[in-house]
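First up is the structure itself, then whatever we jot down about it.
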Amino acid sequence: MSGMFGIHTGVVGHGGTAADMRLEGRERGFKDRLASESLPALLRSAGFRTVSISPFAERHSSWTFYAGFNEIYNTGKSGGESAEEITPTVMKWIENNAREDNWFLHINYWDPHTPYRAPESFGNPFKDDPLPSWIDEKVLESHRKKVGPHSANEINMFNDNTDPRYPRYPGRIDNFDDLRKMIDGYDCGIRYMDEHIGRIFRAFEEQGISLDDLAVIITADHGENMGELGIY
């Protein structure tokens, strides 16, 4: 949101002082720079109503994330929520506000992010698709010899724990069945989120909003390794 890399903002990690925005120091005025120089603040200064539907700030205690937003809706589970817990808030906002001019709506979905959380009722449309051909028995065996965060032995970053809330997400990969659970879990997360994005597009159309009048930007914090470099 600041438009700057972490080396300039001070945010270079997930915890401790490495996760905090660098203080501006004595030169800071009555307001800090993010009040005018963050992406939503710049849009607001241009006449946009800026809205965020996301628990991101609470997830990482990165409260500066909220700078410049007129409205903030924290969906409340620090990133543990799936799309069906986010979309209703989005739909309500669209119904009440989309016909107004000049708004910026930021929506945060977590489904393609570990742990893969698409509900079991979604099924698995990829169950008959082939696995990546480059991960053969020899490659998988070499992966199982690796140790460290997100290795085949420690999918859950630092251990092989599993969580019954996320049955699509294995704790370790010992065989090709585990590999399929991992890869299909990721693909289902993407597909499930895509369907909810489609609902948002339809909601705009139902409100008489032409997609030709919208700029739709889809972005992410990172991709996922699916065995590349031995990382899952």
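The values are calculated or read from the model by the stated rules, or taken from the named source; none is laboratory data. Computed from a prediction, not measured in an experiment: that's the story for all the values here. FYI the Cβ positions are ideal-geometry reconstructions off the backbone, even for glycines, and counts take in every protein chain you see.
Pairs linking a residue in the range 4-24 that is surrounded by 14 or more Cβ atoms within 10 Å (Cβ to Cβ) to a residue that is among the acidic types (Asp, Glu) and outside any helix (DSSP H, G or I), with Cβ atoms under 9 Å and 6 or more positions apart or on different chains, are Gly10/Asp20; Val11/Asp20; Met21/Asp32. Against the criterion of being part of a strand (DSSP E or B), in contact (Cβ under 8 Å) with a residue 60 or more places away in the chain and within 30 Å of Arg165 (Cα to Cα), His106 qualifies.
So for the range 20-33 (the condition being of a type in the set (A, V, I, L, M), at pLDDT below 95 and under 23 Å from the mean Cα position of the chain (by Cα)), does at least one residue qualify?
Yes, there is a match, as at least one residue in the range 20-33 is of a type in the set (A, V, I, L, M), at pLDDT below 95 and under 23 Å from the mean Cα position of the chain (by Cα).
The residue list Ala203, Ala152 contains one member that is within 30 Å of Gly68 (Cβ to Cβ), crowded, with 17+ Cβ neighbours inside 10 Å, of a type in the set (A, V, I, L, M) and over 17 Å from the mean Cα position of the chain (by Cα), which is Ala203.
Of the residues that make up the range 170-177, is at least one outside any loop (DSSP other than H, G, I, E, B), out of contact with any Lys or Arg (no Cβ under 8 Å at 6 or more places or on another chain), at pLDDT 95 or above and of a type in the set (Gly, Ala, Ser)? The answer is no, given that none of the residues of the range 170-177 is outside any loop (DSSP other than H, G, I, E, B), out of contact with any Lys or Arg (no Cβ under 8 Å at 6 or more places or on another chain), at pLDDT 95 or above and of a type in the set (Gly, Ala, Ser).
Before we move on, is Gly79 touching a His at 6+ places or on another chain (Cβ under 8 Å) and either in a loop (DSSP other than H, G, I, E, B) or surrounded by fewer than 17 Cβ atoms within 10 Å (Cβ to Cβ) (or both)? For Gly79, the condition - touching a His at 6+ places or on another chain (Cβ under 8 Å) and either in a loop (DSSP other than H, G, I, E, B) or surrounded by fewer than 17 Cβ atoms within 10 Å (Cβ to Cβ) (or both) - is met. For the range 25-41, name all the residues that are surrounded by 10 or more Cβ atoms within 10 Å (Cβ to Cβ), not charged (D, E, K, R) and not in a loop (DSSP other than H, G, I, E, B). Correct list: Leu34, Ala35, Ser36, Leu39, Pro40, Ala41. Scanning the range 1-35 for residues that are farther than 20 Å from Ser52 by Cβ and of a type in the set (S, T, N, Q) turns up just one, Thr17.
From the list Met193, Met226, Met182, which residue is within 23 Å of Pro125 (Cα to Cα), out of contact with any helix residue (DSSP H, G or I) (no Cβ under 9 Å at 6 or more places or on another chain) and touching a residue at least 40 places away in the same chain (Cβ under 8 Å)?
Just a single option satisfies the conditions, and that option is Met182.
If the condition is being in a loop (DSSP other than H, G, I, E, B), of a type outside the set (D, E, K, R) and out of contact with any Lys or Arg (no Cβ under 6 Å at 6 or more places or on another chain), then the range 112-129 contributes Pro112, His113, Thr114, Pro115, Ala118, Pro119, Gly123, Asn124, Pro125, Phe126.
Take the conditions closer than 29 Å to Glu84 by Cβ and outside any loop (DSSP other than H, G, I, E, B) and apply them to Arg191. Does it pass? It is true that Arg191 is closer than 29 Å to Glu84 by Cβ and outside any loop (DSSP other than H, G, I, E, B).
Filtered by the rule that a residue be at pLDDT 95 or above and hydroxyl-bearing (Ser, Thr, Tyr), the range 104-115 gives a lone residue, Tyr109. Name every residue in the range 130-152 that is touching a residue at least 12 places away in the same chain (Cβ under 8 Å), part of a loop (DSSP other than H, G, I, E, B) and within 16 Å of Asp177 (Cβ to Cβ), in order of residue number. Result: Leu131, Pro132, Ile135, Ala152. Filtering Asp136, Asp111, Asp160 for residues that are of a type in the set (Asp, Glu), surrounded by 11 or more Cβ atoms within 10 Å (Cβ to Cβ) and within 30 Å of Ala215 (Cα to Cα) leaves a single hit, Asp111.
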